[in-house]
Amino acid sequence: MKKTRIGRTKLKKEIFKKVKDYYNLFHKQKRVVPGVDYINYGGRVYNEEEMINIVDSALDFWLTSGKYCSEFEKRLARFLKIKYCTLTNSGSSANLLAFMALTSHKLGERRIKPGDEVITVAASFPTTVTPVIQYGAIPVFVDVQLPSYNIDCSLLEKAVSGKTKAVMLAHTLGNPFNIKKVKKFCGKYGLWLIEDNCDALGSRYFYKKKWIYTGTIGDIGTSSFYPPHHMTMGEGGAVYTNDSLLKRIIDSLRDWGRDCWCQSGKDNTCGRRFTGKFGQLPLGYDHKYVYSHFGYNLRATEMQAAVGVAQLGKLPHFVKARKKNWRFLREKLEEYSKYFILPEPERNSDPSWFGFLLTVKEKAGFSRNDIVKYLEANKIQTRMLFAGNLIKHPCFNEMRKTGKKFKVVGKGRKLPITDSITNNTFWIGVYPGMTKEMLDYIINSFELFFQKL
Ligand SMILES: Cc1ncc(COP(=O)(O)O)c(C=O)c1O
């Protein structure tokens with residue numbers, strides 16, 4: 001083989017052919033035998049394309065952010081119909097960046113300062129709230145509603161104060177929160193809206209007479225690409241926005257806090273690398289090393305993005321399959337509505353479900369743990385609605401003692417619905433790798449459970 005462009009292309013082709021053979025031999029979806037193998041709540045669905053892309057990135061050996069990262073950012077933005085997308089190393093990093101962007105001095109009076117309040121819910125994933133607490137802002141936990149598992153919008157007016165600056169919420173397990181009401185509320189009080197879209201990629205909401213993807217209606221949206229999510233790159237996340245200033249701030253924070261926006265390996269994109277005046281630095285100090293924020297390094301690698309690019313091509317199919325699997329379970333489990341609160345899509349929404357939520361009714365005659373243990377014993381994986389009531393967790397022990405640094409807005413200054421979720425709710429999977437045989441087995445297992453009751 002010659003050391004020429006043609007030689008390289010030819011050799012790559014041979015390597016990719018071997019990768020495909022390897023995939024077919026050792027990775028091609030093994031049949032999951034229900035009852036023998038676990039029916040997971042989520043999982044990677046991939047073929048040789050992901051493996052070829054990751055090998056391609058390994059052969060290029062660029063390692064850090066490069067062509068695959070740029071391609072991924074452009075393609076995800078195109079899918080979501082949003083202007084800007086920034087790839088990150090996780091969904092938690094995406095949430096951190098989304099929140100910290102709103103604390104930037106570049107936003108003037110609208111910036112979030114320590115001690116300001118952010119409206120959110122406690123029935124969520126911890127890292128939707130963590131950045132708020134770590135920064136020294138005050139989370140205001142509003143109770144949620146069933147069967148949407150999202151914020152109870154009738155409590156929003158009770159949650160607002162002169163210190164409120166933002167609303168930061170996830171679309172619970174793919175079900176959009178009432179975006180119309182939340183947007184109206186944010187507009188009324190001039191609040192920022194961050195949509196944690198980590199569990200809802202592909203969900204849509206009918207807003208201002210058209211269907212819009214969740215994550216793109218607020219000021220900033222976030223995604224996670226951890227394996228059970230709608231698509232994966234192992235670890236990974238994204239932050240998206242239509243606002244060019246927020247995009248600049250997000251990129252700066254992701255990339256060490258720098259003022260420069262050159263891609264990796266590029267210099268002087270701005271054309272004023274040695275001519276600018278910044279802070280108290282001498283005139284012409286290298287713009288590459290000028291820092292406008294106290295930032296991080298939350299960048300993704302080429303290997304992650306290479307997998308993500310292949311997954312993006314499959315995303316429309318993944319979304320369709322999740323909806324279909326959810327509908328199947330919803331129809332079949334309707335029979336047990338005497339025992340369970342069954343999930344309902346938010347009005348005016350078209351959810352791309354992350355999972356199928358079930359809440360055991362008070363007088364069902366069995367507990368959540370009874371059914372969860374039974375399902376797990378029958379090799380059907382179950383999950384809690386993440387933290388349940390986040391405030392009850394050990395990480396809140398100190399804050400709970402003082403009762404400071406967070407607020408609660410719910411009936412009797414408590415969160416009765418969130419607490420009920422902590423005690424009575426669980427969920428099972430609807431991921432695209434589930435077959436009709438697996439779904440039938442799940443329904444059959446529920447049937448047997450109720451026969452024995
Ligand atoms: C709603 C929500 N937000 C954020 C995250 C964090 O994403 P990651 O695991 O990629 O950090 C998750 C993770 O599952 C999540 O469910």
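The values are calculated or read from the model by the stated rules, or taken from the named source; none is laboratory data. Because the structure is a prediction, the values reported are computed rather than measured. All Cβ positions, even for glycine, are placed from backbone atoms using ideal geometry, and neighbour counts span all protein chains on display.
Listed conditions (1) of a type outside the set (Phe, Trp, Tyr); (2) without any contact (Cβ under 8 Å) to a residue 60 or more places away in the chain; (3) surrounded by fewer than 19 Cβ atoms within 10 Å (Cβ to Cβ); (4) closer than 22 Å to residue 176 by Cα are all met by residue 242, apart from (2). Residue 81 - would you say it is free of Cβ contacts under 8 Å to residues at least 24 places away in the same chain and in the same structural domain as residue 134 (by TED's automatic domain parsing)? The answer is no for residue 81. Picking from residues in the stretch 326-349 that are in a helix (DSSP H, G or I) and in contact (Cβ under 8 Å) with a residue 40 or more places away in the chain, the one that is nearest to residue 153 (Cα to Cα) is 326. Does residue 450 fit the bill of being in contact (Cβ under 8 Å) with a residue 60 or more places away in the chain and over 15 Å from residue 341 (Cβ atoms)? Criteria met by residue 450. Scanning the stretch 423-437 for residues that are surrounded by fewer than 20 Cβ atoms within 10 Å (Cβ to Cβ) and part of a helix (DSSP H, G or I) gives 423, 436, 437.
Suppose we filter the stretch 225-235 for residues that are near the ligand (Cβ under 7 Å from one of its atoms) and either in contact with a Gly (Cβ under 8 Å, 6 or more places away or on another chain) or hydrophobic (A, V, I, L, M, F, W, C) (or both); how many remain?
Within the stretch 225-235, residues that are near the ligand (Cβ under 7 Å from one of its atoms) and either in contact with a Gly (Cβ under 8 Å, 6 or more places away or on another chain) or hydrophobic (A, V, I, L, M, F, W, C) (or both) number 3.
Search the stretch 55-109 for residues being within 16 Å of the chain's Cα centre (by Cα) and among the hydroxyl-bearing types (Ser, Thr, Tyr), and hand back the single one that is farthest from the ligand (Cβ to nearest atom). This residue is 86. Filtered by the rule that a residue be in contact (Cβ under 8 Å) with a residue 60 or more places away in the chain, polar (S, T, N, Q) and within 16 Å of the ligand (Cβ to nearest atom), the stretch 163-202 gives 172, 175.
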